[in-house]
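I have placed the structure first, in the form of structure tokens, so that the comments after it can refer back to it.
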Amino acid sequence: MDIKKLPKIELHCHLDGSLRIETAVELAKKEKIEIESYRYEYVKDLLSIGEECTSLDDYLTKFYLPNSLMQSSENLKRIAYELLEDASKENVKYMEVRFAPILHTQNGLTLKEVIKAVVDGIKKAELDFDIKGNAIISCMRSMSLDHVYDSIEAGKEFIGQGVSAIDLAAVENKGFAVDYIDAINLAKGYGYKVTIHAGETGFAENVIDAINLLGAERIGHGFYIYKSKEVYDLVKEKGVTLEVCPKSNIDTKAVDSYKNHPFYKYYKDGINISISTDNRTVSNITLSEELESIFNTFDLTLDEYNDIYYRSIKSAFCDEETKKWLLTFVN
Ligand SMILES: [Zn+2]
């Protein structure tokens with residue numbers, strides 16, 4: 001089977017973790033970023049994790065350089081455009097790109113300008129390539145509650161016009177959700193869909209909170225739901241979709257191999273899953289490579305793949321017209 005030719009949907013991909021290395025080299029020179037070398041291999045080491053990665057915190061250090069390069073509308077638009085271009089080449093038909101606007105305001109861009117630049121990049125790619133996309137606004141749990149409200153307000157006018165959802169990302173403490181109830185309710189009132197990073201670093205109960213307190217329709221990772229029957233049953237019963245990113249979980253040492261990743265058991269037991277890369281450059285992976293490992297490890301059948309694709313359509317935060325179009329690629 002030619003995996004590259006399969007139609008694909010990617011619902012969980014961070015813009016700042018998915019820069020082309022060549023572009024990072026070029027922009028580092030252009031922006032005169034002080035790094036030891038502009039050589040491709042050196043920059044690649046700054047952006048991608050190697051064997052030495054020991055934890056999620058370690059993994060997150062790979063975002064330092066990208067974020068210093070993503071402080072102008074021009075660069076943001078280009079990076080979003082190129083991400084969709086690269087994805088379209090491996091037959092990704094629909095992609096949701098997430099980013100935290102607050103991280104791109106260091107040189108004076110407003111939150112709204114940041115969001116507009118990324119949406120413009122996605123729209124331009126939609127015109128040039130056979131792919132559609134939406135942006136998800138991530139808010140950082142490591143930063144103030146104020147920026148969550150500010151980001152929600154800034155993205156409001158783009159809902160349905162390139163922005164589809166709100167997300168909480170970065171460090172995951174036990175019981176984090178309670179602090180965000182009002183903010184996420186406000187976002188839902190404006191029309192944002194909700195996906196939340198939860199159950200990524202050991203706390204299964206955070207998934208219950210993300211669903212019951214924050215109304216998450218999808219969960220970023222949800223890796224640890226097996227640790228609690230209550231959590232597991234809730235995810236299953238509510239039909240919440242897990243945005244599964246196996247290589248990222250291996251990189252952050254949540255699991256040691258594809259073989260031991262629990263998502264296939266979840267899927268066989270009737271839980272909705274979708275497969276994504278999380279961070280293409282940091283994890284040094286494409287969606288095709290991710291799928292190839294999965295096909296090889298679990299003897300996934302084409303029918304199962306099509307079923308996962310279909311479930312991904314159902315849980316995608318896009319309009320009905322796009323869903324209909326996505327359905328034309330699968331029997
Ligand atoms: Zn993520």
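Just so it is clear, none of the values below were taken in a lab; they were calculated from the coordinates. Not measured: the values here are computed from a predicted model. Every residue, glycine as well, gets a Cβ built from its backbone with ideal geometry; the counts of neighbours run over all protein chains shown.
Observations on the model:
- Distance between the range 1-50 and the range 127-191 - C-alpha centres, whole angstrom: 24
- A helix-only calculation puts the chain at -13000 deg cm²/dmol for mean residue ellipticity at 222 nm, using -39500 (n - 2.57) for each DSSP H run of at least four residues, averaged over all residues.
- Cα gyration tensor, the chain - rounded (a/c under 1.5), prolate or oblate: rounded
- Between Ser73 and Lys4, the simple label model (points 7 Å from Cα in the Cβ direction) yields a spacing of 3.6 nm.
- Pair Tyr40, Gln161: separation of 7 Å Cα→Cβ label points (nm): 4.0
- At R0 = 25 Å, FRET efficiency that the Cβ-Cβ distance of Lys324 and Glu85 yields, to 0.05: 0.55
- 30 Å Cα-Cα threshold exceeded, pairs from Lys62/Lys174; Lys77/Lys238; Lys123/Lys193; Lys89/Lys324; Lys62/Lys259; Lys156/Lys265: Lys77/Lys238; Lys156/Lys265
- Dipole orientation for the range 1-79: of the candidates Ile79, His12, Leu56, Ile79 has the Cα lying most toward the positive pole (charges on Cβ; Lys, Arg +1; Asp, Glu -1).
- Simple rule: put +1 on each Lys or Arg Cβ and -1 on each Asp or Glu Cβ in the range 15-327, find the dipole, and look at Gly160, Ala316, Ala117; the Cα lying farthest toward the positive end is Gly160.
- Leading residue at positive end of dipole, the range 163-260 (Cβ point charges), from Leu214, Val244, Ile181: Val244
- Rounded to the nearest 20, the Cβ-based charge dipole of the range 15-327 about its Cα centre (Lys and Arg +1, Asp and Glu -1) stands at 440 debye.
- Shape category assigned to the range 205-293 from the gyration tensor of Cα positions, a/c cut at 1.5: prolate
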